Amino acid sequence: LTKKYGDKKAVDNLSMHIEKGEIYGFIGHNGAGKTTTLKACMGILSFDEGEIFIDGFSIKDNPYECKKNTAYIPDNPDLYEYLTGIQYLNFIADVFEVPAAKRSEIIEKYADEFEITASLGDLISSYSHGMKQKLAIIAALIHEPKLIIMDEPFVGLDPKAALTLKNMMKDMCQKGSAIFFSTHVLDVAEKLCNKVAIIKNGRQILADEIISSATEHVRFGGVV
């Protein structure tokens, strides 16, 4: 994968493979090219060279099929603030054609775990950043995607909510989904991921590495 902005290569010849059941960390400093890569995977950004396949479908040629099976949680979620929390979740569930009984079960489960059930009737405009982040996570999980892409998902979450999200991620992967998430915090990746890729200034340093080998490389190589 290569993505250019003018003459600058924001992502330069990146290559990786994420399997179902994996929590795959994407490590790099701020500005390394992580967000650009994630947005390209979701079809939000076009790219100049390479190809991205999700469950066998090309994000260029079959974006609809890819997006049916994926979910994206940006680092700063923009939600429809004139809706209440429950209206927003039902809207997302309608988009993905989640049956009423199934969506109610999922919303109840995750809202209780994140302790925002009592606030679902409030306008999103009244939510704190952390509450918006929690709502965005629930919305992303509502159609039980095969691939979940997250950009710095723990930023803005309190420690309890961060632990809740980590447990959710593990549970989703045990059920056969895959998670690809970016972080610049090495400890988070080390404790949570099965494999990682490391990117520096747009260039791939490591990819598809088991976490123990990768973190040793980072610590002694000064990558991040």
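Rule-of-thumb check for the stretch 160-204: C-alpha Rg over 2.2 N^0.38 Å? Write down the numbers at each step before the final one.
On the way: Rg = 12.0 Å, N = 45, 2.2 N^0.38 = 9.3 Å.
Normalised Cα radius of gyration, the stretch 160-204: 1.28.
Which of the listed residues, 127, 185, 142, is farthest toward the dipole's positive end in the stretch 83-224, when Lys, Arg count +1 and Asp, Glu count -1 at the beta-carbon?
185
Dividing the convex hull volume of the Cα atoms of the stretch 1-95 by its residue count, what figure in Å³ per residue is obtained? Present the calculation step by step, with values, prior to reporting the outcome.
Numbers: hull volume 13.3 nm³, N = 95.
In the stretch 1-95, the Cα hull volume divided by residue count equals 140 Å³.
Measure off 7 Å from each Cα along the Cα-to-Cβ vector at residue 55 and residue 115, then give the distance between these two points in nanometres to one decimal.
Result: 3.4 nm between the two label points.
Can you work out the accessible area per residue across the chain, with the rest of the protein chains kept in place, probe 1.4 Å, in square angstrom?
Working: 11000 Å² over 224 residues.
Per residue, the chain has 49 Å² of solvent-accessible surface.
Using a Förster distance of 25 angstrom, determine the FRET efficiency expected from the C-beta separation of residue 45 and residue 7, and round it to 0.05.
On the way: r = 17 Å, r/R0 = 0.69.
E(calc), rounded to 0.05, equals 0.90.
Over the chain, what relative contact order in percent results from Cα pairs under 8 Å that are six or more residues apart? All intermediate terms of the calculation are to be shown ahead of the outcome.
Working: 374 pairs, mean separation 75.8, N = 224.
The normalised contact order for the chain reaches 34 percent.
Cα centroid distance between the stretch 53-83 and the stretch 142-166, in Å?
The stretch 53-83 and the stretch 142-166 have Cα centres separated by 15 Å.
Pull up the cross-link candidates among the aspartates and glutamates for residue 4, meaning alpha carbon to alpha carbon under 16 Å and not fewer than 8 places away within one chain.
12, 48, 49, 51
At q = 0.21, 0.24 Å⁻¹, work out log10 I(q)/I(0) for the stretch 121-219 with the Debye formula, treating every Cα as an identical point scatterer and leaving solvent out; two decimals please.
-1.16, -1.36
Going highest first, how would you order 48-54, 144-150 by mean Cβ packing within 10 Å?
On the way: 48-54: 14.4, 144-150: 20.9.
Listed from highest to lowest mean packing, they are 144-150, 48-54.
Share of antiparallel DSSP beta bridges in the chain, in percent to the nearest 5?
Values: 12 of 31 bridges.
Of those bridges, close to 40 percent are antiparallel.
Would you work out the charge dipole size for the stretch 142-181 about its Cα centre, treating the Cβ of every Lys and Arg as +1 and the Cβ of every Asp and Glu as -1, and quote it to the nearest 20 debye? Display every interim value, and only then the final one.
Numbers: 5 positive and 5 negative charges, 38 e Å.
Dipole about the Cα centre, nearest 20: 180 debye.
Give, rounded to the nearest 20 debye, the magnitude of the charge dipole that the stretch 1-60 has about its Cα centre when Lys and Arg contribute +1 at Cβ and Asp and Glu contribute -1 at Cβ. It would help to have the intermediate numbers written out before the result.
Working: 8 positive and 8 negative charges, 51 e Å.
That gives the stretch 1-60 a dipole magnitude of about 240 debye.
Nearest 10 degrees is fine. How inclined is helix 85-95 to the longest principal axis of the chain, computing both from alpha carbons?
Relative to the chain, helix 85-95 is tipped by roughly 70 degrees.
If one takes the longest principal axis of the Cα atoms in the chain, at what angle in degrees, from 0 to 90 and to the nearest 10, does the Cα axis of helix 159-174 lie?
Roughly 80 degrees between the two axes.
Run the dipole for the chain about the Cα centre, Lys and Arg Cβ at +1, Asp and Glu Cβ at -1, nothing else charged, and hand back the magnitude in debye, nearest 20.
Details: 25 positive and 31 negative charges, 73 e Å.
It works out to roughly 340 debye.
As I understand it, the dipole of the stretch 49-118 uses +1 on the Cβ of Lys and Arg and -1 on the Cβ of Asp and Glu, about the Cα centre. Which of 90, 100, 50 lies farthest toward its positive end?
100
Any aspartates and glutamates with Cα under 12 Å of the residue 102 Cα? List them, leaving off those in the same chain fewer than 8 positions away.
Hits, sequence-local ones excluded: 94, 144.
Just to be sure I understand the curve: with the Debye formula and one point per C-alpha of the chain, what is log10 I(q)/I(0) at q = 0.12, 0.17, 0.18 Å⁻¹?
-0.65, -1.26, -1.37
Determine by what factor the alpha-carbon radius of gyration of the stretch 69-168 differs from 2.2 N^0.38 Å, reporting the quotient. Walk me through the intermediate numbers first.
On the way: Rg = 12.3 Å, N = 100, 2.2 N^0.38 = 12.7 Å.
It is 0.97.
Roll a 1.4 angstrom probe over the protein heavy atoms and tell me the percent of accessible area of the chain that is carbon or sulfur. Numbers along the way, then the final one.
Values: 5380 of 11000 Å².
Of all accessible area on the chain, carbon and sulfur atoms account for 49 percent.
The values are calculated or read from the model by the stated rules, or taken from the named source; none is laboratory data. Please read all numbers here as calculations on a predicted model, not as lab measurements. All Cβ positions, glycine included, derive from the backbone under ideal geometry; neighbour counts span all protein chains shown. SASA here: full protein model, heavy atoms, side chains in, ligands and nucleic acids out. Shrake-Rupley method; radii C 1.70, N 1.55, O 1.52, S 1.80 Å.
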